[in-house]
Amino acid sequence: EAVTAMDEAAVRRNDRAYVFHSWSAQAKIDPLPIASAEGSYFTDYEGRRYLDFSSQLVNVNIGYQHPRLVTAIQEQAARLTTISPAFANDARSEAARMIVEVAPATMDKVFFTNGGADANENAVRMARLHTGRQKVLAAYRSYHGATAGAITLTGDPRRWGSEPAQPGVVHYWGPYLYRSAFHATTQEQECERALQHLRDTLMVEGAHTVAAIILETVVGTNGILVPPDGYLAGVREICDEHGIVMIADEVMSGFGRCGEWFAIDHWGVAPDLISFAKGVNSGYVPIGGVVISGDIAATFDDTSYPGGLTYSGHPLACASAVASMTIFKDEGILENARHLGSVIGPELEALAADHPSVGETRGLGVFWALELVKDRETREPLVPYNAAGAAAGPMNEFAAACKERGLWPFTHFNRTHVVPPCTTTEAEVREGLAVLDEALKVADSYSTG
Ligand code: PLP
């Protein structure tokens, strides 16, 4: 009650005095106090309502305060709020069963974590123990989390501040036709060359020293990079050839974001391990995990698994995952995500046609990016590729123009992503796209077209 009684000034004052924020220079931020949220909107203390085109950190897939999900959490809290991972628990076993049910047929078990980073830590640990090898290949232009191992896997500037990183991780380039590392001009070329580059990397690294290849099925914060058809199947083939574990990081791309339970379903490929978090329960209670193939799970049938977490399979979190997946099924949320994709795709193309600052649009489901450029010919990004550039004027001004008009955008470097909740209505999406249309004029003013 003391918390609900607090006014905006008190929230702000205590935040500035006591809260140490992620990824921030503490003296240079002024976090907006949020009073409430519902559906696809959140509201500040001034009563300003924002349509959320970010889903926070691309995790509120079911939207805010879904009544059935809130009730399920309240009921579980009243029944059993915590129990150690060493016991069996109904919420946990049902969550695991439901996740295995929607995962590729070769996958048998779930290890629960607190979020995405520790899911990746454990996936890598499992791969190393299963293969008896140490090295891991991870993609440039990736994000895998901020714990020691996960930030080492990460292939973007978020790793720089944590270096020297852990030994044993080698980075490679994935497919990204718009800024091809392979000078490709078609998706087919990009796919073929990216796979050849992976084979070449394995050749010089020694494929027999590599435990795992980890990749985001659809790369998230680094630009919604949708792999060309054939790429994931090619990676699967390479892994099979060399006895390497294929880890799909679906922390951001899973649970509806791409219109499927797992994004990889879109290409019909079965990885050995899938890490998940975010959309599994939309972050109403922290949870993540690793879906494990029968083969890898069997490695730990008679040999103890050397890893664990006090809150692994937390009943409150697991009950919310069960409820969320049930709601997804009952309310056709995957179908809605796919439908929104069929609306957003063409609308973004129309925006690109009207705005010289839009170099490319790409995505699927409710997972889209607009790449903003100074010059469409040279594809020079609207802001430079570095941490300072990410916070630079033009992108800030663009974001401010969105916020003034009641839209909360997701921006990262020179991109804005269109990643609303999977439950957003078509009308809401169109409302947000109309704001983007206005705000892009700011970006246009920095672009020569
Ligand atoms: N993997 C991917 C693809 C992510 O996008 C994220 C978070 O943005 C993570 C891992 C890390 O998840 P968490 O922040 O829950 O540790």
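Here, each number is a calculation from the coordinates, and none is a lab measurement. These numbers were taken from a predicted model, which means no experiment stands behind them. Cβ placement follows ideal geometry from the backbone for every residue including glycine, while neighbour counts extend to all protein chains displayed.
Annotations for the structure displayed:
- What you get for the stretch 344-449, charging only the Cβ of Lys and Arg (+1) and of Asp and Glu (-1), is a dipole of about 280 debye around the Cα centre.
- Unit charges at the beta carbon, dipole of the chain: most positive-side option, V170, F42, V100: V170
- Residues whose amide H falls under 5 Å from that of A181, counting only those 5 or more places apart or on a different chain, are Y176, with hydrogens built in the peptide plane.
- Gyration tensor analysis over the Cα atoms of the stretch 68-330 returns equivalent ellipsoid semi-axes of 31, 20, 17 Å (largest first, whole Å).
- Rounded to the nearest 20 debye, dipole of the stretch 68-330 from Cβ charges on Lys, Arg, Asp, Glu: 660
- The stretch 148-237: C-alpha gyration tensor shape, a/c 1.5 cut-off, then a/b vs b/c: oblate
- Less than 5 angstrom separates the built amide H of T416 from those of L370, L372, all sequence-distant by 5 or more or on a different chain.
- Choice from S180, S24, S312 with maximal GNM fluctuation in the chain (Cα, 10 Å cutoff): S24
- For the options G289, G259, G332, a Gaussian network treatment of the chain with springs between C-alpha atoms closer than 10 Å singles out G332 as fluctuating the most.
- Cα gyration tensor shape of the chain, rounded if a/c is under 1.5, else prolate or oblate by comparing a/b with b/c: oblate
- Ordering K441, K109 from the fewest to the most neighbouring beta carbons within 10 Å gives K441, K109.
- Loop-resident sites, the stretch 126-214, for GluC sites (Glu not before Pro), counting at most 15 other Cβ within 10 Å (DSSP): none
- The chymotrypsin sites (Phe, Trp or Tyr not before Pro) of the stretch 345-388 that meet both conditions, a loop assignment by DSSP and at most 13 other Cβ atoms within 10 Å of the site Cβ, are Y385.
- Sequentially through the stretch 222-237, phi angles give Karplus couplings (6.51, -1.76, 1.60; θ = phi - 60°) of 7, x, 6, 8, 7, x, x, 3, x, 5, 5, 4, x, 5, 4, 5 Hz, Gly and Pro residues having no value and appearing as x.
- Viscosity 0.692 mPa s, 37 °C: Kirkwood-radius Stokes-Einstein D of the stretch 349-449 over Cα pairs, µm²/s: 244
- Interchain or long-range residues, amide H under 5 Å from S36's placed H: T43
- Fully extending the segment from H197 to A434, taken as 0.36 nm per residue of separation minus the present Cα-Cα distance, adds 81.2 nm.
- Highest-MSF residue in the chain out of A439, A77, A211 [GNM, Cα springs under 10 Å]: A77
- GluC sites (Glu not before Pro) within the stretch 1-99: DSSP coil, no more than 10 neighbouring Cβ in 10 Å: E1, E46
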